[in-house]
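Below: the structure, in structure tokens.
The values are calculated or read from the model by the stated rules, or taken from the named source; none is laboratory data. Keep in mind that what you see is a predicted model, and the values were worked out from it rather than measured. Cβ atoms come from the backbone with ideal geometry, glycine included; neighbour counts cover every protein chain shown. When the accessible area is computed, the model is the full protein with side chains, heavy atoms only, and any ligands, DNA or RNA have been set aside. Shrake-Rupley method; radii C 1.70, N 1.55, O 1.52, S 1.80 Å.
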Amino acid sequence: MATGSDEILEQSAPGFRPAPRKRLFIWGAAVALIVVLFGFARTYYLKGFFEDRGLSTLVHVHGLVMTLWFGTLLAQVLLVETGNVATHRRVGIFGVIVAVMVLVVGTVTALAAARNGVTPGPPPLVFLAIPLGDMVVFAILIALGVAYRRRGDFHKRYMLMASLAILTAAIARLPVPGGLPAFFALTDLIIIGFVIADTVSGRRLHPAFAIGLAIVIASQIGRFLLAGTQEWLRFARWITG
């Protein structure tokens, strides 16, 4: 993960302090981590306070990997915004490894949960469209972020968008009525809030945010229309069989 040359010069200057627009990415990474911690508090982080039933090794690995990803995202943003670009680049290699782990472990965990009938509300095979779709979107946006690692303005927006886009599963575990539409709507509100703030500050919609938002919305519409159809249920039964 790298930043653009202009950002490097600016952030290496003595007495550098993050500008309000730059703090947007700190807030974005922090909000993503907070949503994950709150969303999975009852079923993972604070599970011992709510029920005695233990969790499988796979779920623990999944929880560790996801926490590591969002923690690394926040650390990476803080490194860049405080001028520690060289360290950010070194940690970026680790970040890519964690991203791959998120994809692999997230997919395996989603399939295992559907197979075992674990769901925050919707039927397991219907809900499976959320985590699997999240993994596809995450993979696309992370790939774009890595591809644009030498364009800091694109890179950091793709990375933030990739992380915000996979908050739906955490939101689904909050006491939110309304099912899939509500889960997607809250995810979109978080994403659009940061996109609007960035657009107002920069006086233009950045192409990375425009592309990222289009990918997220398209995936949500596709999943909403597909989940619950006989075609999806056949595919879900096949892939979890």
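Checking residue 155 against (1) more than 15 Å from the chain's Cα centre (by Cα); (2) under 24 Å from residue 23 (Cα atoms): exactly one of these is not met. Which one?
Failing condition for residue 155: (1).
For region 138-197, which positions are within 25 Å of residue 44 (Cβ to Cβ) and of a type in the set (Lys, Arg)?
Listed by number, the list holds a single entry, 173.
Determine the pairs where a residue that is without any contact (Cβ under 8 Å) to a residue 60 or more places away in the chain, located within region 196-216, has a partner that is open to solvent by less than 50 Å² (accessible area, probe 1.4 Å) and charged (D, E, K, R) with Cβ atoms under 8 Å apart, the partner being 6 or more residues away or on another chain.
Close Cβ pairs (under 8 Å, with a partner that is open to solvent by less than 50 Å² (accessible area, probe 1.4 Å) and charged (D, E, K, R)) amount to 206/153; 206/157; 206/198; 209/157; 209/198.
Taking the condition part of a helix (DSSP H, G or I), within 20 Å of residue 78 (Cβ to Cβ), out of contact with any strand residue (DSSP E or B) (no Cβ under 6 Å at 6 or more places or on another chain) and at pLDDT below 95, does residue 153 pass?
yes
Here is a yes/no grid of residues against (1) under 18 Å from residue 33 (Cα atoms); (2) in contact with a Ser or Thr (Cβ under 7 Å, 6 or more places away or on another chain); (3) surrounded by fewer than 21 Cβ atoms within 10 Å (Cβ to Cβ):
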| residue | (1), (2), (3) |
| --- | --- |
| 69 | yes, no, no |
| 84 | no, no, yes |
| 98 | yes, yes, yes |
| 104 | no, no, yes |
| 122 | no, no, yes |
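Restricting the search to region 166-188, which residues are small (Gly, Ala, Ser), farther than 18 Å from residue 138 by Cβ and in contact (Cβ under 8 Å) with a residue 12 or more places away in the chain?
Hit for region 166-188 is 179, nothing else.
Conditions (1) buried (at least 16 other Cβ atoms within 10 Å of the Cβ); (2) part of a loop (DSSP other than H, G, I, E, B), marked per residue:
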| position | (1), (2) |
| --- | --- |
| 169 | yes, no |
| 177 | no, yes |
| 187 | yes, no |
| 190 | yes, no |
| 199 | no, no |
| 208 | yes, no |
| 213 | yes, no |
| 219 | yes, no |
| 236 | yes, no |
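Among the residues of region 124-166, count how many are in contact with a Lys or Arg (Cβ under 7 Å, 6 or more places away or on another chain) and either open to solvent by 30 Å² or more (accessible area, probe 1.4 Å) or of a type in the set (Lys, Arg) (or both).
Number of matching residues: 1.
How about region 21-58: which of its residues are at pLDDT below 90 and of a type in the set (Val, Ile, Thr)?
Residue satisfying the conditions is 43 alone.
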